[in-house]
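Let me begin by presenting the structure, written as structure tokens, before commenting on it.
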Amino acid sequence: MLYEALKRPFGRQALLGLVLTAVPIVSLLATGYKVLCAATAMRGNYELPEWKNWKQLFVFGLSARAIQGIWLAPAAILYAFIYLKLSSPALDLPAIIFIGKLLAVFLVLLAAAAFFAPASVLNYVAEGKFKSAFSWVALRRAISKEYLIGWLLAGVYFALTFALFVGALLAAAGLGQSSFITIMVFLIYAVLFWFPGITLWTLLGEAWGRAIQAKQ
């Protein structure tokens, strides 16, 4: 339910994550909390989870980052290779054409990571096993119309949030004073990425719950 997902972050339970998400390493707890929000949304529960079982939250957050990193690794490696090629002093026409083809492959890999990485995280949470993130079942659920619709909806929501972030960042930069800008960047990041992150993962979790039911 879009309405439930949109209003979900505005509860007192979400406030602690606003602080945790800004601290390196500790932010994995906040990531784990968002993943937990996805897990509860799969079951149709839109109440914000309690901040407890810190070990589970940390494991969820660390595992989610690892899964995302695995999906992004091929694109990152190819990007590094393209960068080295572009840095070469001997760039002729065949080399430029070759780099153009590599860029097309890079975009495909990046799009695949954007689509399948959340699906892998969701299936890991649903099954409770890391290997489930890369299972055949995860693939079947990911290519379902239920997940596709939820992913597109979450993607539009993320794009709007990111546009707000960029706009707010430019507005802060236009005000001058580096210390003030630093504070504003922190506040903008925390507000525009923590609270919407709960909504984003709620939308994805809800879609994954429907995909599980459809593929049973």
Can you pull out every residue in the range 64-97 that is out of contact with any helix residue (DSSP H, G or I) (no Cβ under 6 Å at 6 or more places or on another chain) and within 30 Å of residue 129 (Cα to Cα)?
65, 66, 69, 70, 73, 76, 77
Enumerated helices (runs of 4 or more DSSP H) restricted to the range 133-216, each holding at least 2 residues that are at pLDDT below 90, closer than 23 Å to residue 115 by Cα and in contact with a helix residue (DSSP H, G or I) (Cβ under 8 Å, 6 or more places away or on another chain)
145-173, 178-214
Go through the residues of the range 77-86 one by one and say whether even a single one is under 21 Å from the mean Cα position of the chain (by Cα), of a type outside the set (Gly, Ala, Ser), closer than 30 Å to residue 212 by Cβ and modelled with pLDDT of 95 or more.
no
Give the range 8-17 a look and list any residue that's within 13 Å of residue 37 (Cβ to Cβ) and either free of Cβ contacts under 8 Å to residues at least 60 places away in the same chain or of a type in the set (Gly, Ala, Ser) (or both), or say none.
11, 13, 14, 17
Within the range 87-105, is even one residue in a helix (DSSP H, G or I) and touching a Ser or Thr at 6+ places or on another chain (Cβ under 8 Å)?
yes
Given 65, 8, 12, which one is surrounded by fewer than 21 Cβ atoms within 10 Å (Cβ to Cβ) and at pLDDT 90 or above?
65
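The values are calculated or read from the model by the stated rules, or taken from the named source; none is laboratory data. These numbers were taken from a predicted model, which means no experiment stands behind them. For neighbour counting, all protein chains shown are included, and Cβ atoms are generated from backbone atoms with ideal geometry for every residue, glycine included.
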